[in-house]
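Notes follow once the structure below has been shown.
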Amino acid sequence: MLCLIACAKKPAAPAARIATTSGEIAIGNLSSQIDSQEALLKRQPGSVSAMAAQIEILQARAQYTGSVGDFRRMAQLGDEAVRAAPKNSQALIARASARAALHRFNLALADLDAANDAKATQSARASVLQAQGQLEPALKLRREAVAEYGNTKSLGSLAAAEGAAGDVEGALRDFTASEKAYRDVSPLPIAWIDFQRGLLFETHARFDEAQAAYAAAAERLPSYAQAQSHLAGLLSLRGDRAGAEAILRPLVKLDDPEYEGQLAAVVTDRGEAARLRASAAGRYEKLLQEFPEAFADHAARFYLTFDAARALELARVNLTVRGTVEAYDLALSAAGTAGVTDCALSAKARALPAASPRLKVLADRVCPAQVAGR
(Lines give C-alpha, C1' and ligand atoms only; values in the text may rest on other atoms or scores of the structure.)
Protein backbone atom coordinates (compact mmCIF):
# COMPACT_ATOMS: atom_id res chain seq x y z
CA MET A 1 0.00 0.00 0.00
CA LEU A 2 2.88 2.37 0.84
CA CYS A 3 4.36 1.69 -2.57
CA LEU A 4 1.02 2.43 -4.23
CA ILE A 5 0.82 5.73 -2.39
CA ALA A 6 4.39 6.72 -3.15
CA CYS A 7 4.09 5.80 -6.81
CA ALA A 8 0.64 7.27 -7.36
CA LYS A 9 0.30 9.33 -10.50
CA LYS A 10 0.65 13.08 -10.03
CA PRO A 11 -2.60 15.01 -10.45
CA ALA A 12 -3.24 16.78 -13.71
CA ALA A 13 -3.55 20.56 -13.80
CA PRO A 14 -7.00 21.53 -12.51
CA ALA A 15 -9.61 22.61 -15.03
CA ALA A 16 -11.34 25.97 -14.75
CA ARG A 17 -13.77 25.87 -11.84
CA ILE A 18 -17.47 25.84 -12.75
CA ALA A 19 -19.36 28.56 -10.92
CA THR A 20 -22.35 27.32 -8.93
CA THR A 21 -24.50 28.52 -6.06
CA SER A 22 -23.93 27.63 -2.40
CA GLY A 23 -24.04 23.94 -1.57
CA GLU A 24 -25.79 24.53 1.73
CA ILE A 25 -28.43 26.66 0.07
CA ALA A 26 -28.99 23.89 -2.50
CA ILE A 27 -29.57 21.29 0.22
CA GLY A 28 -31.77 23.74 2.10
CA ASN A 29 -33.85 24.22 -1.03
CA LEU A 30 -34.28 20.46 -1.37
CA SER A 31 -35.42 20.27 2.24
CA SER A 32 -37.94 23.06 1.66
CA GLN A 33 -39.27 21.26 -1.40
CA ILE A 34 -39.64 18.06 0.65
CA ASP A 35 -41.56 19.89 3.37
CA SER A 36 -43.84 21.51 0.79
CA GLN A 37 -44.43 18.18 -0.91
CA GLU A 38 -45.34 16.53 2.40
CA ALA A 39 -47.91 19.27 2.94
CA LEU A 40 -49.30 18.60 -0.53
CA LEU A 41 -49.53 14.88 0.22
CA LYS A 42 -51.65 15.66 3.28
CA ARG A 43 -54.01 17.64 1.09
CA GLN A 44 -53.98 15.05 -1.70
CA PRO A 45 -53.61 11.63 -0.08
CA GLY A 46 -53.31 8.86 -2.64
CA SER A 47 -51.98 11.16 -5.38
CA VAL A 48 -49.54 9.04 -7.39
CA SER A 49 -47.93 12.04 -9.06
CA ALA A 50 -47.36 13.74 -5.71
CA MET A 51 -45.84 10.61 -4.21
CA ALA A 52 -43.62 10.06 -7.25
CA ALA A 53 -42.40 13.65 -7.10
CA GLN A 54 -41.62 13.32 -3.40
CA ILE A 55 -39.64 10.12 -3.95
CA GLU A 56 -37.55 11.91 -6.57
CA ILE A 57 -36.76 14.83 -4.25
CA LEU A 58 -36.03 12.56 -1.29
CA GLN A 59 -33.68 10.51 -3.43
CA ALA A 60 -31.83 13.64 -4.49
CA ARG A 61 -31.29 14.71 -0.87
CA ALA A 62 -30.44 11.21 0.36
CA GLN A 63 -27.85 10.79 -2.39
CA TYR A 64 -25.83 13.60 -0.85
CA THR A 65 -26.69 13.55 2.85
CA GLY A 66 -27.03 9.77 3.22
CA SER A 67 -30.18 10.19 5.30
CA VAL A 68 -31.58 6.80 6.34
CA GLY A 69 -34.85 8.53 7.18
CA ASP A 70 -35.17 9.71 3.59
CA PHE A 71 -34.65 6.17 2.29
CA ARG A 72 -37.24 4.88 4.74
CA ARG A 73 -39.78 7.48 3.62
CA MET A 74 -39.10 6.65 -0.03
CA ALA A 75 -39.89 2.99 0.64
CA GLN A 76 -43.15 3.91 2.36
CA LEU A 77 -44.23 6.19 -0.48
CA GLY A 78 -43.33 3.67 -3.17
CA ASP A 79 -45.51 1.01 -1.56
CA GLU A 80 -48.35 3.50 -1.04
CA ALA A 81 -48.21 4.63 -4.67
CA VAL A 82 -48.57 1.08 -6.02
CA ARG A 83 -51.34 0.27 -3.54
CA ALA A 84 -53.19 3.35 -4.77
CA ALA A 85 -52.70 2.47 -8.46
CA PRO A 86 -51.34 -1.08 -8.94
CA LYS A 87 -51.04 -0.86 -12.73
CA ASN A 88 -50.00 2.77 -13.03
CA SER A 89 -46.59 3.05 -14.72
CA GLN A 90 -45.64 6.17 -12.77
CA ALA A 91 -46.39 4.40 -9.50
CA LEU A 92 -44.38 1.34 -10.51
CA ILE A 93 -41.40 3.42 -11.63
CA ALA A 94 -41.52 5.39 -8.38
CA ARG A 95 -41.50 2.22 -6.31
CA ALA A 96 -38.69 0.80 -8.45
CA SER A 97 -36.64 3.89 -7.67
CA ALA A 98 -37.23 3.48 -3.94
CA ARG A 99 -36.46 -0.24 -4.07
CA ALA A 100 -33.26 0.31 -6.04
CA ALA A 101 -32.09 2.89 -3.49
CA LEU A 102 -32.37 0.17 -0.84
CA HIS A 103 -30.53 -2.36 -3.06
CA ARG A 104 -33.66 -4.41 -3.67
CA PHE A 105 -32.61 -4.69 -7.26
CA ASN A 106 -34.58 -7.70 -8.47
CA LEU A 107 -37.78 -6.23 -7.08
CA ALA A 108 -36.94 -2.91 -8.73
CA LEU A 109 -36.45 -4.63 -12.10
CA ALA A 110 -39.77 -6.42 -11.68
CA ASP A 111 -41.48 -3.06 -11.21
CA LEU A 112 -39.73 -1.60 -14.25
CA ASP A 113 -40.83 -4.59 -16.33
CA ALA A 114 -44.40 -4.20 -15.11
CA ALA A 115 -44.36 -0.48 -16.00
CA ASN A 116 -43.98 -1.58 -19.64
CA ASP A 117 -42.41 1.71 -20.80
CA ALA A 118 -38.90 1.25 -22.18
CA LYS A 119 -38.32 4.97 -22.64
CA ALA A 120 -39.44 6.05 -19.18
CA THR A 121 -37.56 3.23 -17.45
CA GLN A 122 -34.30 3.46 -19.43
CA SER A 123 -32.26 5.42 -16.90
CA ALA A 124 -33.56 3.55 -13.85
CA ARG A 125 -32.95 0.19 -15.52
CA ALA A 126 -29.39 1.15 -16.43
CA SER A 127 -28.70 2.19 -12.84
CA VAL A 128 -29.99 -1.10 -11.45
CA LEU A 129 -28.07 -3.21 -13.97
CA GLN A 130 -24.86 -1.33 -13.21
CA ALA A 131 -25.39 -1.74 -9.46
CA GLN A 132 -25.81 -5.49 -10.01
CA GLY A 133 -22.59 -5.70 -11.99
CA GLN A 134 -24.35 -6.25 -15.34
CA LEU A 135 -22.14 -3.70 -17.05
CA GLU A 136 -22.60 -4.50 -20.74
CA PRO A 137 -26.40 -4.03 -20.81
CA ALA A 138 -26.04 -0.99 -18.56
CA LEU A 139 -23.47 0.55 -20.90
CA LYS A 140 -25.71 -0.13 -23.89
CA LEU A 141 -28.58 1.77 -22.28
CA ARG A 142 -26.29 4.62 -21.23
CA ARG A 143 -24.87 4.97 -24.74
CA GLU A 144 -28.35 4.99 -26.22
CA ALA A 145 -29.33 7.81 -23.86
CA VAL A 146 -26.26 9.86 -24.82
CA ALA A 147 -26.90 9.28 -28.52
CA GLU A 148 -30.42 10.64 -28.10
CA TYR A 149 -29.53 13.55 -25.83
CA GLY A 150 -26.00 14.08 -24.60
CA ASN A 151 -26.62 16.32 -21.60
CA THR A 152 -24.84 16.49 -18.24
CA LYS A 153 -26.91 13.73 -16.69
CA SER A 154 -26.64 11.22 -19.54
CA LEU A 155 -22.93 11.85 -20.12
CA GLY A 156 -22.11 11.67 -16.41
CA SER A 157 -24.06 8.45 -16.04
CA LEU A 158 -22.24 6.95 -19.02
CA ALA A 159 -18.90 8.00 -17.55
CA ALA A 160 -19.71 6.32 -14.23
CA ALA A 161 -20.65 3.10 -16.05
CA GLU A 162 -17.46 3.22 -18.11
CA GLY A 163 -15.44 3.65 -14.94
CA ALA A 164 -17.15 0.65 -13.35
CA ALA A 165 -16.25 -1.37 -16.45
CA GLY A 166 -12.57 -0.41 -16.13
CA ASP A 167 -12.49 2.11 -19.00
CA VAL A 168 -10.64 4.88 -17.16
CA GLU A 169 -9.85 6.93 -20.26
CA GLY A 170 -13.43 6.82 -21.50
CA ALA A 171 -14.82 7.68 -18.07
CA LEU A 172 -12.54 10.71 -17.62
CA ARG A 173 -13.35 11.90 -21.13
CA ASP A 174 -17.08 11.71 -20.56
CA PHE A 175 -16.95 13.26 -17.08
CA THR A 176 -15.28 16.25 -18.74
CA ALA A 177 -17.90 16.25 -21.50
CA SER A 178 -20.60 16.13 -18.86
CA GLU A 179 -19.20 19.24 -17.17
CA LYS A 180 -18.87 21.07 -20.48
CA ALA A 181 -22.55 20.39 -21.19
CA TYR A 182 -23.65 21.90 -17.86
CA ARG A 183 -25.97 24.89 -18.21
CA ASP A 184 -27.24 25.35 -14.65
CA VAL A 185 -25.97 26.84 -11.38
CA SER A 186 -26.88 24.09 -8.91
CA PRO A 187 -23.77 22.62 -7.27
CA LEU A 188 -25.27 19.14 -6.90
CA PRO A 189 -24.47 17.58 -10.32
CA ILE A 190 -20.95 19.03 -10.37
CA ALA A 191 -20.22 17.76 -6.85
CA TRP A 192 -21.49 14.34 -7.94
CA ILE A 193 -19.11 14.32 -10.92
CA ASP A 194 -16.16 15.23 -8.67
CA PHE A 195 -17.13 12.43 -6.27
CA GLN A 196 -17.40 9.90 -9.08
CA ARG A 197 -13.99 10.96 -10.36
CA GLY A 198 -12.65 10.40 -6.86
CA LEU A 199 -14.04 6.87 -6.78
CA LEU A 200 -12.47 6.13 -10.16
CA PHE A 201 -9.07 7.47 -9.13
CA GLU A 202 -9.15 5.72 -5.75
CA THR A 203 -10.00 2.38 -7.38
CA HIS A 204 -6.90 2.72 -9.55
CA ALA A 205 -4.60 3.85 -6.71
CA ARG A 206 -4.29 7.39 -8.06
CA PHE A 207 -4.55 8.77 -4.55
CA ASP A 208 -3.44 12.36 -5.13
CA GLU A 209 -6.10 12.80 -7.80
CA ALA A 210 -8.70 10.99 -5.72
CA GLN A 211 -8.05 13.23 -2.74
CA ALA A 212 -8.28 16.34 -4.89
CA ALA A 213 -11.56 15.18 -6.42
CA TYR A 214 -13.14 14.34 -3.05
CA ALA A 215 -11.96 17.65 -1.63
CA ALA A 216 -13.51 19.50 -4.57
CA ALA A 217 -16.84 17.72 -4.05
CA ALA A 218 -16.78 18.41 -0.31
CA GLU A 219 -15.82 22.05 -0.79
CA ARG A 220 -18.64 22.62 -3.26
CA LEU A 221 -21.14 20.69 -1.14
CA PRO A 222 -20.04 20.48 2.53
CA SER A 223 -22.97 18.24 3.48
CA TYR A 224 -21.96 15.62 0.87
CA ALA A 225 -21.47 12.87 3.45
CA GLN A 226 -19.93 10.22 1.20
CA ALA A 227 -17.45 12.67 -0.30
CA GLN A 228 -16.39 13.75 3.19
CA SER A 229 -16.17 10.12 4.29
CA HIS A 230 -13.95 9.08 1.39
CA LEU A 231 -11.77 12.16 1.87
CA ALA A 232 -11.34 11.23 5.54
CA GLY A 233 -10.52 7.66 4.54
CA LEU A 234 -7.72 8.79 2.24
CA LEU A 235 -6.34 11.21 4.83
CA SER A 236 -6.25 8.40 7.39
CA LEU A 237 -4.61 6.04 4.91
CA ARG A 238 -1.90 8.62 4.28
CA GLY A 239 -1.21 9.17 7.97
CA ASP A 240 -3.29 12.27 8.66
CA ARG A 241 -5.54 10.81 11.34
CA ALA A 242 -6.17 14.20 12.91
CA GLY A 243 -7.45 15.55 9.59
CA ALA A 244 -9.68 12.52 9.14
CA GLU A 245 -11.03 12.87 12.68
CA ALA A 246 -11.88 16.54 12.12
CA ILE A 247 -13.95 15.60 9.07
CA LEU A 248 -15.72 12.64 10.67
CA ARG A 249 -16.75 14.09 14.04
CA PRO A 250 -19.55 16.28 12.61
CA LEU A 251 -20.85 13.32 10.58
CA VAL A 252 -21.42 11.11 13.63
CA LYS A 253 -24.69 12.92 14.33
CA LEU A 254 -26.17 11.57 11.07
CA ASP A 255 -28.51 8.57 11.21
CA ASP A 256 -26.14 6.37 9.18
CA PRO A 257 -23.69 4.55 11.51
CA GLU A 258 -20.98 4.40 8.86
CA TYR A 259 -19.31 7.59 10.03
CA GLU A 260 -19.29 6.61 13.69
CA GLY A 261 -17.65 3.32 12.76
CA GLN A 262 -15.12 5.11 10.59
CA LEU A 263 -14.32 7.54 13.41
CA ALA A 264 -13.73 4.61 15.77
CA ALA A 265 -10.88 3.50 13.52
CA VAL A 266 -9.02 6.84 13.57
CA VAL A 267 -9.34 8.17 17.13
CA THR A 268 -6.30 7.57 19.32
CA ASP A 269 -8.13 7.14 22.63
CA ARG A 270 -8.79 3.40 22.99
CA GLY A 271 -11.71 3.88 25.34
CA GLU A 272 -13.45 6.26 22.98
CA ALA A 273 -12.71 3.99 20.03
CA ALA A 274 -14.32 1.05 21.85
CA ARG A 275 -17.40 3.11 22.73
CA LEU A 276 -17.79 4.38 19.17
CA ARG A 277 -17.35 0.86 17.75
CA ALA A 278 -19.93 -0.64 20.09
CA SER A 279 -22.43 2.12 19.31
CA ALA A 280 -21.93 1.77 15.55
CA ALA A 281 -22.29 -2.02 15.77
CA GLY A 282 -25.59 -1.72 17.62
CA ARG A 283 -26.93 0.79 15.11
CA TYR A 284 -25.80 -1.35 12.16
CA GLU A 285 -27.49 -4.46 13.54
CA LYS A 286 -30.81 -2.61 13.88
CA LEU A 287 -30.59 -1.31 10.32
CA LEU A 288 -29.62 -4.75 9.01
CA GLN A 289 -32.88 -6.13 10.41
CA GLU A 290 -34.82 -3.47 8.51
CA PHE A 291 -32.77 -3.06 5.34
CA PRO A 292 -30.33 -6.00 5.05
CA GLU A 293 -29.58 -5.52 1.36
CA ALA A 294 -28.84 -1.80 1.70
CA PHE A 295 -26.47 -2.00 4.66
CA ALA A 296 -24.76 -5.36 4.23
CA ASP A 297 -21.79 -3.96 2.30
CA HIS A 298 -21.03 -1.01 4.58
CA ALA A 299 -21.56 -3.10 7.70
CA ALA A 300 -19.21 -5.76 6.33
CA ARG A 301 -16.49 -3.16 5.82
CA PHE A 302 -17.06 -1.91 9.35
CA TYR A 303 -16.71 -5.39 10.88
CA LEU A 304 -13.77 -6.40 8.70
CA THR A 305 -11.03 -5.13 11.05
CA PHE A 306 -12.33 -6.74 14.25
CA ASP A 307 -14.90 -9.46 13.42
CA ALA A 308 -13.96 -11.03 10.10
CA ALA A 309 -16.50 -13.85 10.46
CA ARG A 310 -19.38 -11.37 10.74
CA ALA A 311 -17.89 -9.35 7.89
CA LEU A 312 -17.82 -12.44 5.66
CA GLU A 313 -21.41 -13.30 6.55
CA LEU A 314 -22.55 -9.83 5.52
CA ALA A 315 -20.34 -9.77 2.43
CA ARG A 316 -22.07 -12.95 1.25
CA VAL A 317 -25.45 -11.24 1.72
CA ASN A 318 -24.16 -8.37 -0.38
CA LEU A 319 -23.10 -10.78 -3.13
CA THR A 320 -26.65 -12.10 -3.40
CA VAL A 321 -27.84 -8.69 -4.57
CA ARG A 322 -24.85 -7.35 -6.50
CA GLY A 323 -22.10 -9.17 -8.35
CA THR A 324 -19.71 -6.25 -8.79
CA VAL A 325 -15.93 -6.22 -8.57
CA GLU A 326 -16.26 -4.25 -5.32
CA ALA A 327 -18.63 -6.85 -3.85
CA TYR A 328 -16.26 -9.71 -4.67
CA ASP A 329 -13.31 -7.70 -3.38
CA LEU A 330 -15.10 -7.26 -0.05
CA ALA A 331 -16.08 -10.93 0.20
CA LEU A 332 -12.58 -12.15 -0.67
CA SER A 333 -11.02 -9.70 1.78
CA ALA A 334 -13.31 -10.94 4.54
CA ALA A 335 -12.68 -14.58 3.69
CA GLY A 336 -8.92 -14.04 3.65
CA THR A 337 -8.95 -12.16 6.95
CA ALA A 338 -11.13 -14.84 8.53
CA GLY A 339 -8.83 -17.57 7.23
CA VAL A 340 -11.61 -19.18 5.22
CA THR A 341 -10.84 -21.19 2.08
CA ASP A 342 -13.50 -20.73 -0.60
CA CYS A 343 -12.49 -21.85 -4.08
CA ALA A 344 -15.98 -21.33 -5.50
CA LEU A 345 -15.90 -17.67 -4.47
CA SER A 346 -12.39 -17.35 -5.88
CA ALA A 347 -13.40 -18.83 -9.24
CA LYS A 348 -16.43 -16.54 -9.58
CA ALA A 349 -14.30 -13.49 -8.82
CA ARG A 350 -11.69 -14.49 -11.38
CA ALA A 351 -14.38 -14.92 -14.03
CA LEU A 352 -15.55 -11.30 -13.78
CA PRO A 353 -14.91 -9.39 -17.04
CA ALA A 354 -13.50 -6.42 -15.11
CA ALA A 355 -11.46 -8.48 -12.62
CA SER A 356 -8.50 -6.40 -11.46
CA PRO A 357 -4.99 -7.60 -10.52
CA ARG A 358 -5.88 -6.93 -6.87
CA LEU A 359 -8.97 -9.13 -7.15
CA LYS A 360 -6.89 -11.98 -8.56
CA VAL A 361 -4.41 -11.69 -5.70
CA LEU A 362 -7.27 -11.87 -3.19
CA ALA A 363 -8.73 -14.83 -5.06
CA ASP A 364 -5.41 -16.67 -4.83
CA ARG A 365 -5.33 -15.98 -1.11
CA VAL A 366 -8.66 -17.70 -0.41
CA CYS A 367 -7.98 -20.64 -2.74
CA PRO A 368 -4.32 -21.71 -2.63
CA ALA A 369 -5.23 -24.87 -4.56
CA GLN A 370 -5.93 -22.75 -7.67
CA VAL A 371 -2.45 -21.26 -7.41
CA ALA A 372 -0.84 -24.67 -7.01
CA GLY A 373 -2.75 -26.00 -10.00
CA ARG A 374 -1.49 -23.32 -12.37
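The values are calculated or read from the model by the stated rules, or taken from the named source; none is laboratory data. What you see is a predicted model, and the numbers here were worked out from it, not measured in a lab. Cβ atoms come from the backbone with ideal geometry, glycine included; neighbour counts cover every protein chain shown. Surface areas here come from the heavy atoms of the whole protein model, side chains and all, with no ligands, DNA or RNA. Shrake-Rupley method; radii C 1.70, N 1.55, O 1.52, S 1.80 Å.
At-a-glance table
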{"read-out": "Hits in segment 146-163 - residues which are part of a helix (DSSP H, G or I) and open to solvent by 40 Å² or more (accessible area, probe 1.4 Å)", "value": "ALA147, GLU148, LYS153"}
{"read-out": "Answer residue from segment 62-89, given it is within 22 Å of ALA114 (Cα to Cα) and in a loop (DSSP other than H, G, I, E, B) and is most open to solvent (accessible area, probe 1.4 Å) among those", "value": "LYS87"}
{"read-out": "Filtered residue count, segment 286-320, keeping only those that are under 22 Å from GLY336 (Cβ atoms), under 19 Å from the mean Cα position of the chain (by Cα) and either in a helix (DSSP H, G or I) or not aliphatic (A, V, I, L, M) (or both)", "value": "16"}
{"read-out": "Criterion: among the hydrophobic types (A, V, I, L, M, F, W, C), crowded, with 21+ Cβ neighbours inside 10 Å, out of contact with any Ser or Thr (no Cβ under 6 Å at 6 or more places or on another chain) and closer than 24 Å to ALA191 by Cα - qualifying residue of LEU58, LEU92", "value": "LEU58"}
{"read-out": "Condition check for ARG283: touching a residue at least 12 places away in the same chain (Cβ under 8 Å), part of a helix (DSSP H, G or I) and of a type in the set (Lys, Arg)", "value": "yes"}
{"read-out": "Single match in ILE34, ILE5 (criterion: modelled with pLDDT of 95 or more and part of a helix (DSSP H, G or I))", "value": "ILE34"}
